[in-house]
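Notes follow the structure.
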Amino acid sequence: MTQPDVPHDLPGALVIGAGPAGLAAAEVLSEAGHPVLLTDAMPSPARKFLMAGKSGLNLTKDETQDLFHAAFGDGPVPPALRAALEAWGPQEVMAWARGLGQEVFTGSTGRVFPKAWKGSPLLRAWLARLGERGVELRTRWRWEGFDGDASRFATPERVRILRARATILAMGGTSWRRLGSDGAWAGHFPHHAAPFAPSNMGLLVDWSTHMARHFGAPVKGAAWSAGPLTSRGEVVVSARGLEGGGLYPLSRTLREGTPLHLDLFPDLPEDTLRQRLGLPGRESLANRLRKRLHLDGVRAALLQEWGRPLPADLAPLLKRLPVRHAGPRPLDEAISTAGGLRFDALDAGLMLLHRPGIFAAGEMLDWEAPTGGYLLTASIATGRHAGAAAASWLRP
């Protein structure tokens, strides 16, 4: 690699990270008439966005503002995040997708998807519109930190040093590293970033051998609870443990060590289960459970796995089966991460207090939310919020 060039002044804004937050920031800045240079460390943009969309791109959740905000934790939503979500919520996301020529539909649970289902058509239309507005995209440009008041990049040709009056950092958290979010940027903010932790993650379980035949089976019609939180989403039994949307809303409390319980019959009270099981007769327990409660397959296997030795009165155990696990799956396997730049290090426009003109957005920020459209909406919303603040900063 040749020697780095001298710092080069950009005429407009620099956006680092071409995921949803970075693309949204570039969109707002270009709408305001500012030249934008958009960089990404990977060979192509928005790789995590495309991966998430392979099984259906869940854009947002069509629900009231209060319900939507409640998904971002049981405490008060940071003011800057709340402002971003109030300006760019589910209705705005749907209108934006339609504006890109991607019609959407709302599923029975309120989740919103493009009719094209995958994320690639939407991304192509988004990139095309940014290109028409003059946004320049540079891939394989890895940000290596600050060089004084400039940003330093390792590029395929040489080290580049760029100085911009407004820079937006949108480099993601530290999940799915192979897609570009490795969290290496956090080392440049040792006093302003909260430690990363897995969110929307699976759990490690050391199964007994009899569970092997159930690997890949979904646990349906059950409820998972940790402390005051309960989730009725689906969870899949895998060779390494448990994974699936049913666990994701419990991520924060599970990380804190709260015990996890499984209710195998969330729609039936304990007394009804006791009455239906009746007194033991000549039938085996497995037959009684299957015939009288329709409990078989993976749900019956989990009862044996975590409930043995089974008590005489099974009803309390069927309602509150202790789940034995070895904690969250590794950080890099989580769908998203908690931690990142703390909101007390940022102003209302998501600008770093100790570095004027430097803004941050997306999963770089210290917030978390379950899947179901919340993650993507908030990433785009904070990107737009930072982009609008940067556009104001750039005005003469």
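Across Leu260, Leu277, Leu350, mean-square fluctuation computed from a Gaussian network of the chain (C-alpha pairs under 10 Å connected) peaks at Leu277. Helix 374-394 and the longest principal axis of the C-alpha atoms of the chain enclose an angle of approximately 20°.
The relative contact order of the chain, computed from alpha carbon pairs under 8 Å that lie at least 6 residues apart in sequence, is 25 percent. The C-alpha atoms of the chain define a longest principal axis, and helix 120-132 lies at about 10 degrees to it. Within the listed set Ala312, Ala25, Ala378, the Gaussian network model of the chain (springs between alpha-carbon atoms below 10 Å) gives the highest mean-square fluctuation for Ala312.
Straight-distance candidates among the lysines for linking to Lys319, with alpha-carbon spacing under 28 Å and chain neighbours fewer than 8 residues away dropped: Lys220, Lys291. Helical runs assigned H by DSSP (4 residues or longer) give the chain a calculated mean residue ellipticity at 222 nm of -8500 deg cm²/dmol, each run adding -39500 (n - 2.57) before division by the residue total. Largest mean-square fluctuation among Ser238, Ser199, Ser379, in a Gaussian network model of the chain whose springs join Cα atoms under 10 Å apart, belongs to Ser238.
Spread over its residues, the convex hull of the C-alpha atoms of region 137-231 is 227 Å³ per residue. Contact order, relative form, for region 203-322: 26 percent (alpha carbon pairs under 8 Å, 6 or more residues apart, mean separation divided by residue count).
Once R0 is set to 25 Å, what does the formula 1/(1 + (r/R0)^6) return for the Cβ-Cβ distance between His188 and Asp347, expressed as a FRET efficiency to the nearest 0.05?
Approximately 0.85, to the nearest 0.05.
Against the chain, whose longest principal axis comes from its Cα atoms, helix 90-99 is set at around 60 degrees. Once you reduce region 209-282 and region 165-197 to the center of their Cα atoms, the two points are 34 Å from each other.
Dipole size of the chain about its Cα centre, with +1 on Lys/Arg Cβ and -1 on Asp/Glu Cβ: approximately 1200 debye, rounded to the nearest 20. Rounded to the nearest 0.05, what FRET efficiency do Thr209 and Leu285 give with R0 = 22 Å and r taken as the Cβ-Cβ distance? Could you check? Result of the calculation: an efficiency of 0.60.
Compactness of region 1-96, taken as the C-alpha radius of gyration over 2.2 N^0.38 Å, stands at 1.38. Note on region 203-322: Kirkwood hydrodynamic radius from all Cα pairs is 14.9 Å, rounded to one decimal.
Evaluated at q = 0.07 Å⁻¹, the base-10 log of the normalised Debye intensity for the chain, with identical point scatterers placed on the Cα atoms, takes the values -0.38.
Given Cα pairs under 8 Å that are at least 6 residues apart, what percent is the relative contact order of region 1-89? Answer for region 1-89 is 22 percent. FRET efficiency for the Asp147 to Lys118 pair, using the beta carbon distance and R₀ = 41 Å, is estimated at 0.55.
All of the numbers you see were taken from the coordinates with simple rules; none came from a lab. Remember, it's a predicted structure, so these values are computed and weren't measured experimentally. As a convention, Cβ positions derive from the backbone with ideal geometry for all residues, glycine included, and neighbour counts pool all protein chains shown.
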